[in-house]
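Report on the structure given below.
Read-outs: derived from the displayed coordinates by stated rules, not from any lab. It should be emphasised that the depicted structure is a prediction, and the values quoted were computed from it without experimental measurement. Every residue, glycine among them, receives a Cβ derived from its backbone with ideal geometry; neighbour counts consider all protein chains shown.
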Amino acid sequence: MTEHIHHDLTLSTGFKTPIHIERYFIVDEHTDCSLYPDHIAKHNPHIIGDATNYLFVSEALRSAITYSGNSVSIVSETETHAIVRSEAGKNWHDFVMEMLNANLFGIENLALIPGTIGAAPVQNIGAYGKEVADNIISVHCLSIATGEKYVFSKEDCQFSYRNSKFKRHQFSNILITHVDFILSKIQYPIANYPDVERYFTEKGIVNPSSHDIAEAIIAIRRNKLPDPLTIGNAGSFFKNPVVSIDVYQALLQEYPLLPSYHVDDHTVKIPAGWLIDKSGLKGYRYKGAGVHDKQALVLVNSHNASGKDIYELSLLIQQQILERFGIMLETEVNILL
Ligand SMILES: Cc1cc2nc3c(=O)[nH]c(=O)nc-3n(C[C@H](O)[C@H](O)[C@H](O)COP(=O)(O)OP(=O)(O)OC[C@H]3O[C@@H](n4cnc5c(N)ncnc54)[C@H](O)[C@@H]3O)c2cc1C
């Protein structure tokens, strides 16, 4: 285990707002956590990966812990599938590309999502018609309070839209150390997402391969989303709200062009970016923070913003959307006050 005292994490975070950690623990599989739980637990550290999905409002954090191991191995394989285990510290996008190059398919739609393997199950990362839960077999964890190890099956993880049981308060001490994925040796490319379909039509590609899908999604994301290395951001700031059919029908009377996605017979999902855009907030600036001018769901550090600037902007957006549409937007980003 490595322990850093007074660690500056600012440049590693998504938003690039100032954040200083008093005590930063870095563990890997060689760490015998049963030797440390009292020591680590005493500081009650926040678990972080690459901190791409955090908004640090206060500029100081007492303590944080991260898992740094990043090895990948094949656990078992058949003619059609392989079970692959990755350590939590591995970069997610690197993993996607390495699997694709090894002709193991199924997660290519999730290319270029920032962050680590360990964070992927926490909010069940998803994009372009796929969620990581579709390919997870089990999640290996360690309690930083007791040093005990656990293995949770996919069902135990209770995955849903941008959610899992790891987001619950009682799991805040559970450090994910490894994730097992099931990947296919046969390609089943998923290209029926509007942006992806448009990309292939423009390129004249009729039967895209999984490699084509990854290439398309990387190009689409680079064009649409700001790169946190050049303009600080944490991806989608808010979740897309899921509302009842009655609420949706009432809104549709007033906004006939309101887009929606079918969830089930009782609820529909409305794009939060559309609500923000419709409120005239796309491109809006507040102190050093802003709403991205191409994608209203993304808040950005446009000019040396503090975490507080971005937080205040998010409250202002929530307030305006509530007043105009009667919908309270939930945040997707982890906010530490
Ligand atoms: C430009 C951009 C685009 C994005 N696009 C998408 C997208 O398309 N789809 C999507 O779903 N997300 C997207 N995100 C969000 C982000 O990529 C994911 O949330 C990612 O999983 C965060 O990884 P991280 O390592 O940075 O986690 P962090 O930000 O460090 O942590 C996120 C959460 O995971 C927990 N956590 C992290 N590591 C562990 C661990 N080892 N054990 C237990 N808990 C852990 C933390 O406690 C925290 O609750 C985007 C972000 C950015 C900046």
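Explain nothing, just compute: Karplus ³J(HN,Hα) = 6.51 cos²θ - 1.76 cosθ + 1.60, θ = phi - 60°, for every residue of region 144-150 in order, whole Hz, x for Gly and Pro.
Per-residue couplings from phi come out as 7, 8, 10, x, 6, 9, 9 Hz.
Compute, for region 234-337, the length of the dipole vector about the Cα centre, with Cβ point charges of +1 (Lys, Arg) and -1 (Asp, Glu) only. Units Debye, rounded to 20.
Its charge dipole is roughly 420 debye.
Rank 116, 103, 126 by how far each Cα sits towards the positive end of the charge dipole of region 57-136 (+1 on Lys, Arg Cβ; -1 on Asp, Glu Cβ) and give me just the farthest.
It is 116, whose Cα lies furthest towards the positive end.
What list of ³J(HN,Hα) values in whole Hz, one per residue of region 325-337 in order, does the Karplus curve 6.51 cos²θ - 1.76 cosθ + 1.60 (θ = phi - 60°) give from phi, with Gly and Pro shown as x?
Residue by residue, region 325-337 yields 10, x, 10, 8, 6, 9, 7, 8, 6, 7, 9, 10, 6 Hz.
Most fluctuating residue of 31, 52, 78 in a GNM of the chain with Cα springs under 10 Å: which is it?
For the chain, modelled as a Gaussian network with Cα springs under 10 Å, the answer is 78.
For a quick check, take a GNM of the chain with Cα springs below 10 Å and name the residue from 98, 22, 254 with the largest mean-square fluctuation.
254
Would you mind putting 135-148, 190-203, 153-166 in packing order, based on average other-beta-carbon counts within 10 Å, highest first?
135-148, 153-166, 190-203
Taking the Cα centre of the chain as the origin, how large is its charge dipole in debye, to the nearest 20, when only Lys and Arg (+1) and Asp and Glu (-1) carry charge on their Cβ atoms?
Result for the chain is approximately 760 debye, rounded to the nearest 20.
Compare the peptides 213-226, 323-336, 232-245 by average per-residue count of other Cβ atoms within 10 angstrom and give them in order, highest first.
Descending packing order for the listed peptides: 232-245, 213-226, 323-336.
Relative to 2.2 N^0.38 Å, what does the C-alpha radius of gyration of the chain come to as a ratio? Two decimals please.
It is 1.02.
Given the Cα atoms of region 72-184, and with Rh set as the inverse mean 1/r over their pairs in the Kirkwood sense, what is Rg to Rh to two decimals?
Ratio of gyration radius to Kirkwood radius for region 72-184: 0.95.
Taking amide H positions as placed 1.01 Å from N in the peptide plane, with prolines and chain starts having none, which residues 5 or more places from residue 47, or on another chain, fall under 5 Å of its amide H?
65
5 Å is the cut-off here: which amide hydrogens, built 1.01 Å from N in the peptide plane, fall below it relative to residue 81, excluding neighbours closer than 5 in sequence?
Under 5 Å from the amide H of residue 81: 185.
Near the amide H of residue 240, under 5 Å away, which other amide H atoms are found, from residues 5 or more places off or on another chain, if H is placed in the peptide plane?
272
Can you compute 3J(HN,Hα) from phi for each residue in region 315-321, using the Karplus curve 6.51 cos²θ - 1.76 cosθ + 1.60 with θ = phi - 60°, rounded to whole Hz and x for Gly and Pro?
For region 315-321, the Karplus curve yields 5, 4, 5, 4, 4, 5, 5 Hz.
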